[in-house]
Every structure is written in structure tokens, then in C-alpha cells.
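Peer 1: Starting off with a structure, shown below.
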Amino acid sequence: MAQPQAAEPESLIRDLALAGFTAALQKGFLMKDSDLYRYLLHFAHASMADSSVFYYKPIKWAVEKGIATGFSDNTFRPNNNCNRASVVTFLWRLAGKPNLGITNVFSDMTGNSDFDKAITWASRKGITTGFSDGTFRPWDTCNRAAIVTFLWRYAGKPTPKRMASFKDMTNNSDFDKAISWAAEKGITTGYTDNTFRP
């Protein structure tokens with residue numbers, strides 16, 4: 001597979017909106033090979049070969065962009081949660097795998113080369129700030145508020161035109177700006193009960 005090219009923020013916004021990237025991130029990701037159809041036939045989730053399922057287009061997009069590598073047993077695992085290390089690694093790959101080296105920016109780096117390069121990059125670019133105790137908590141599930149905030153920071157922290165009307169906004173300035181931006185760009189639509197469930 002060809003090395004992915006770095007995406008401009010506006011291109012990223014458009015691609016994310018079209019692909020429903022947030023929904024795909026929440027479900028876990030994919031595999032390495034560029035022959036998408038062959039792998040789709042071997043996903044553990046059999047309906048993955050059905051182009052009508054809601055996550056088919058986001059996954060196809062992620063494969064073509066070289067963002068997702070999946071699991072060693074060629075499974076998709078659509079019902080898995082997605083951890084924090086994986087989310088920043090998806091963004092790092094989308095950015096073209098910039099090599100800023102590996103530094104112990106957090107006290108709980110993973111020991112995995114790609115994850116640690118991605119975490120270092122995300123920290124230096126202000127995409128993640130980690131926690132007040134100096135940890136990143138790479139294996140914790142990445143909640144919805146954190147996912148859209150990582151995306152929002154990657155896109156340059158654009159100011160939303162208005163705050164979203166979800167009834168469970170966080171009262172955290174960055175989270176709420178990110179949620180509002182993501183809703184404005186069509187990256188998230190929330191739930192039918194008008195919650196975002198951050």
C-alpha cells in the first residue's frame with residue numbers, strides 16, 4: 001500500500017464528514033492489505049462484505065487512506081471499543097506518519113514503536129494533553145468527547161458557528177467546542193434522544 005499523504009485540515013473535515021469517521025473510530029479498525037474485497041470476505045463480522053451496512057464506506061475509506069491496520073487474525077471486530085493509543089495512531093497515519101521520534105512525553109508510553117511515535121506526535125502538536133498525573137492512559141477506551149476533541153485539535157481548533165444543542169454537553173470548553181464543531185461538520189449527529197453521550 002502506498003504511503004498516505006498528509007491531509008490538509010479542510011480536506012480532512014470533508015473526508016471525515018463523508019466517511020462518518022467518528023462512528024468508525026468508535027467501532028475499532030481494520031487490516032493492512034490494499035486488496036479490500038478479499039479481506040472483506042474474511043472478516044469475522046460476516047456482514048462486512050455487505051456494502052449496505054453503515055460502516056462499510058468508512059472502513060473502505062480508512063483502508064484506502066492507509067489509516068487502519070486491523071488485527072493479526074484478519075478480523076474487524078466492529079463491536080470492540082477503541083483505545084486512546086489507537087485513535088491518535090489513526091490520526092498520525094492520516095497525517096502521513098510524521099516522524100518526530102519517540103520521547104517519554106507521558107509516564108506510561110506503550111513500548112510499541114508506532115503507538116509511541118503517534119503519541120509523541122500528538123502531544124507535540126497539541127492534539128492530546130494527557131492527564132494531570134502525567135499519564136496518557138493509552139489502553140483506556142477513548143470516549144466520544146475525547147475522539148471529537150482529538151479531531152478538532154488536528155483540524156486547528158476551528159471555532160464553531162454555534163454551540164450544539166445536545167442536552168448532555170460537558171461544560172468543558174474544549175470538549176463542547178469540539179462537539180459543536182463535529183456536529184456542525186456532520187461528523188457526529190448524536191442520538192435520537194438529543195444526547196451526544198460524551
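Where a number appears in this text, it was derived from the coordinates with a stated rule and is not lab data. All values reported here derive from a predicted model rather than from experimental measurement. Here the Cβ positions follow ideal geometry from the backbone for every residue, glycine too, while neighbour counts run over all protein chains shown.
Peer 1: Only Lys, Arg, Asp and Glu count, each charged at its Cβ (+1, +1, -1, -1), so figure out the dipole size of segment 61-167 about its Cα centre, rounded to 20 debye.
Peer 2: 640
Peer 1: Also: Given Lys65/Lys161; Lys65/Lys185; Lys57/Lys125, which pairs have Cα atoms separated by over 22 Å? Don't skip to the end; give the middle numbers.
Peer 2: On the way: Lys65/Lys161 29 Å; Lys65/Lys185 20 Å; Lys57/Lys125 29 Å.
From the list (Lys65/Lys161; Lys65/Lys185; Lys57/Lys125), the Cα-Cα distance tops 22 Å for Lys65/Lys161; Lys57/Lys125.
Peer 1: At a 10 Å Cβ-Cβ cut-off, how would you order Lys57, Lys65, fewest neighbours first?
Peer 2: Arranged by neighbour count, lowest to highest, Lys57, Lys65 become Lys57, Lys65.
Peer 1: I've got another one for you. Lys and Arg at +1, Asp and Glu at -1: add these up for the other residues within a Cβ distance under 13 Å of Met169 and post the number. Don't skip to the end; give the middle numbers.
Peer 2: Working: positive: Arg144, Arg162, Lys167, Lys177, Arg197; negative: Asp168, Asp174, Asp176.
Spelling it out: positives minus negatives among the neighbours equals +2.
Peer 1: Would you mind calculating the relative contact order of segment 60-198 from Cα pairs under 8 angstrom and at least 6 residues apart, reporting the percent as a whole number?
Peer 2: 20
Peer 1: Using modelled amide H (1.01 Å from N, peptide plane; none on Pro or chain starts), what sits under 5 Å from the amide H of Asn83, excluding residues fewer than 5 places away?
Peer 2: Cys142
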